[in-house]
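The values are calculated or read from the model by the stated rules, or taken from the named source; none is laboratory data. Remember, it's a predicted structure, so these values are computed and weren't measured experimentally. Please note: Cβ atoms are built from the backbone with ideal geometry, for glycine as well, and neighbour counts cover all protein chains shown.
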């Protein structure tokens, strides 16, 4: 059931929804602005932004709004963009007009904090503007096809762009360079950053969705979830789920962790143009101008009450009252208890209590993953029962044979019981041999007889009978914490890896490694090194510890370089070892650069590249910032050209050549040449272009060349 809070009947397809401090701002494809009360969802005011004869496409992405009341919409020509800001008393203040695209604007997107506006066009160009000035901050390399979607990360550092050529890229605004590129089978219709901007959830026009991992640099969990063309995406506040609207009347919820569809609801209206999660509600807008607001949290008290009592059957019934509770944080308890529920169900199946098992898991198996896990045991219930009987009859040989053929049996309580029996018998035999290996060899041999036929147990059982002293030595080494000697013994006698002691020692190594990493992350390097002295003797962890120690040494080098104010060494270290960029001391350096960058940007917008060079003087030789510095200077050079448009004596051919050999042909210089009617010069100099020439060319205080 869906709990409708409120419903609005607006004029046309709702393209954008933004939550401002005092109200909700909506915009439709007929250039109407709607002010909606945040508490009762009543329409406060309707404002006509501009008069047009025809509307934009009902699913257009060319219109956008932001949390600070900024508005962006195509002009009547569709290749220019108008920007406004909604101020007090709902006064609309026109800010600026951009005319940088050479064809229709396909996408407009404000950054999360309204600092930037990105636009993408049918010309394959993407521009990023600084707000509120409206100056071009940077442009991305031209794409070979239409721009399909754009998204900013929460901290505004990263921008994701997809285009019709089925390629998506991630651009680092802080350093002004492309950091990731990935291909999809279909055109990406929409995409969103999540998990602290380490992952991107995307949907494609053909009904697929996937997760791109920026760390692993690959697409995971690709699934075909949607029966119709997906449109809008909204991510829950905890970033655990995505809500997806579609061009039909279906709305979906997908678990982002593994891209599993957990909710599929059909609504009365067709054509979902926008979905937005706002506090305790979900706002769903449609192409006919309808907007429905549903209660996200209704009946949570009842749900919590049943979950506190582990009454999952009745808790599930509550979902019938509010289907959106499926993605509520309280619902996570279903995942938390599932492993125990599954174990209990397996036991019931082995006892032929099939109906009880099915009833037990019933509240859980609407999740496809859980349903699949349970069905493995339900289908093979006879084998589960047979396995349990073998363990109970102490027929260990055949029990292990069955496990070898049916690995899923390792997840049963019977398997735990089997392993415990094996360890108990093995330790009893070991104790007998330690007391007197000669007298007790036959009794020990008889105890281990069944296990001699089991491949994974035979080697260690035989080794114990042949040379029990090795096992005694191993125990002594561990008791004395002589891990180096212990792992040396394991290397000589690999069968020791099959022992319980080896597993316990490896687990201890994992615990120590976690502590070491915690100290490293807290920048307590001396404490981390103390643990490393012990852990390096664990053969299972030696390689990783050495790598960690090396990185710690690089971190200490960085601290020393910062103390010595040796910026070149600091940034070279980060280029070589990117993990160093997470250090708090380095982030402070980046913040300092950002402050200087903001001042330099003001000079760039004034068309004063010489002042930019002066501001950034100490960073000019740093490779780490070369792309960013080039982008700022590019702004300065372009503005310088603009301010000197009508100045007498400028040799535009040589001036433009200066630009092309450093930055190549981009949207900015194309725009300048179009405005100045210098397209012939641009064509003539097309052989001189070098998009990365700035990496080898000297930065000049001015690119202008004057005739003598």
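Of the residues that make up the stretch 694-702, is at least one in a helix (DSSP H, G or I) and on the phi < 0 side of the Ramachandran plot? The answer is yes; a qualifying residue exists. Looking across the stretch 247-272, the residues that are over 20 Å from residue 200 (Cβ atoms), buried (at least 17 other Cβ atoms within 10 Å of the Cβ) and within 24 Å of the chain's Cα centre (by Cα) come down to 251, 263. Say we look at the stretch 696-707 and pick out the residues that are within 41 Å of the chain's Cα centre (by Cα) and modelled with pLDDT under 90; which of these is surrounded by the most Cβ atoms within 10 Å (Cβ to Cβ)? So the residue we want is 699.
When you check residue 86 against the structure, is it crowded, with 21+ Cβ neighbours inside 10 Å, farther than 30 Å from residue 223 by Cα, in contact with a helix residue (DSSP H, G or I) (Cβ under 8 Å, 6 or more places away or on another chain) and touching a residue at least 60 places away in the same chain (Cβ under 8 Å), yes or no? When the stated conditions are applied, residue 86 does not pass them. Taken over the stretch 165-182, the criterion of being outside any strand (DSSP E or B), on the phi < 0 side of the Ramachandran plot and without any contact (Cβ under 8 Å) to a residue 60 or more places away in the chain is satisfied by 165, 173.
For the stretch 679-693, taking the residues that are touching a helix residue (DSSP H, G or I) at 6+ places or on another chain (Cβ under 7 Å) and either surrounded by fewer than 18 Cβ atoms within 10 Å (Cβ to Cβ) or not in a loop (DSSP other than H, G, I, E, B) (or both), the one that is modelled with the lowest pLDDT is identified as 688. Considering only the stretch 660-667, I want to know if a residue exists there that is in contact with a strand residue (DSSP E or B) (Cβ under 9 Å, 6 or more places away or on another chain) and closer than 21 Å to residue 628 by Cα. Looking through the stretch 660-667, at least one residue is in contact with a strand residue (DSSP E or B) (Cβ under 9 Å, 6 or more places away or on another chain) and closer than 21 Å to residue 628 by Cα. Is there a residue in the stretch 488-496 that is touching a residue at least 12 places away in the same chain (Cβ under 8 Å), under 24 Å from residue 401 (Cα atoms) and crowded, with 16+ Cβ neighbours inside 10 Å? Yes.
Number of residues in the stretch 521-559 that are under 29 Å from the mean Cα position of the chain (by Cα) and in contact (Cβ under 8 Å) with a residue 40 or more places away in the chain equals 1.
The residues in the stretch 199-220 that are in a loop (DSSP other than H, G, I, E, B) and touching a strand residue (DSSP E or B) at 6+ places or on another chain (Cβ under 7 Å) can be counted, and the count is 4. Working only within the stretch 183-233, note down all residues that are farther than 20 Å from residue 159 by Cβ and in contact (Cβ under 8 Å) with a residue 40 or more places away in the chain. Selection gives 209, 229, 230, 231. Among (1) free of Cβ contacts under 8 Å to residues at least 60 places away in the same chain; (2) surrounded by 16 or more Cβ atoms within 10 Å (Cβ to Cβ); (3) on the phi > 0 side of the Ramachandran plot, there is one condition residue 310 misses while meeting the rest; what is its number? Of everything listed in (1) free of Cβ contacts under 8 Å to residues at least 60 places away in the same chain; (2) surrounded by 16 or more Cβ atoms within 10 Å (Cβ to Cβ); (3) on the phi > 0 side of the Ramachandran plot, residue 310 misses just condition (2).
In the stretch 560-575, of all residues being without any contact (Cβ under 8 Å) to a residue 12 or more places away in the chain and in a helix (DSSP H, G or I), the one that is surrounded by the most Cβ atoms within 10 Å (Cβ to Cβ) corresponds to 560.
The single condition among (1) surrounded by fewer than 16 Cβ atoms within 10 Å (Cβ to Cβ); (2) in contact (Cβ under 8 Å) with a residue 24 or more places away in the chain; (3) within 30 Å of residue 436 (Cα to Cα) that residue 517 does not meet is (3). I need the full set of residues from the stretch 435-450 which are closer than 18 Å to residue 471 by Cα and under 53 Å from the mean Cα position of the chain (by Cα), in order please. Result: 448, single match. Taking the criterion of being in contact with a helix residue (DSSP H, G or I) (Cβ under 6 Å, 6 or more places away or on another chain) and surrounded by fewer than 20 Cβ atoms within 10 Å (Cβ to Cβ), the only residue of the stretch 273-299 that qualifies is 299.
For the stretch 78-99, the set of residues classified as within 22 Å of residue 22 (Cβ to Cβ) and in a strand (DSSP E or B) consists of 83, 84, 85, 86, 92, 93, 94, 95, listed by residue number. Would you mention how many residues in the stretch 140-157 are closer than 15 Å to residue 174 by Cα, crowded, with 21+ Cβ neighbours inside 10 Å and in contact (Cβ under 8 Å) with a residue 40 or more places away in the chain? Total meeting the criteria: 2. For residue 162, the requirement of being in contact (Cβ under 8 Å) with a residue 24 or more places away in the chain, in contact with a strand residue (DSSP E or B) (Cβ under 9 Å, 6 or more places away or on another chain) and assigned to a loop (DSSP other than H, G, I, E, B) is not met.
When residue 253 is tested against (1) modelled with pLDDT of 90 or more; (2) within 18 Å of residue 324 (Cβ to Cβ); (3) out of contact with any helix residue (DSSP H, G or I) (no Cβ under 6 Å at 6 or more places or on another chain), only condition (3) is not met.
I'm told residue 499 meets every condition in (1) surrounded by fewer than 20 Cβ atoms within 10 Å (Cβ to Cβ); (2) under 41 Å from the mean Cα position of the chain (by Cα); (3) in contact (Cβ under 8 Å) with a residue 12 or more places away in the chain except one. Can you identify the failing condition by its number? Of everything listed in (1) surrounded by fewer than 20 Cβ atoms within 10 Å (Cβ to Cβ); (2) under 41 Å from the mean Cα position of the chain (by Cα); (3) in contact (Cβ under 8 Å) with a residue 12 or more places away in the chain, residue 499 misses just condition (1). For the stretch 108-124, a tally of residues being closer than 19 Å to residue 639 by Cβ and surrounded by fewer than 24 Cβ atoms within 10 Å (Cβ to Cβ) returns 1. The residues of the stretch 650-678 that are farther than 16 Å from residue 609 by Cβ and not in a helix (DSSP H, G or I), listed by number, are 651, 664, 665, 666, 676, 677, 678.
Residue 2 meets the stated requirement of being surrounded by fewer than 19 Cβ atoms within 10 Å (Cβ to Cβ), in contact (Cβ under 8 Å) with a residue 60 or more places away in the chain and either within 31 Å of the chain's Cα centre (by Cα) or in a loop (DSSP other than H, G, I, E, B) (or both).
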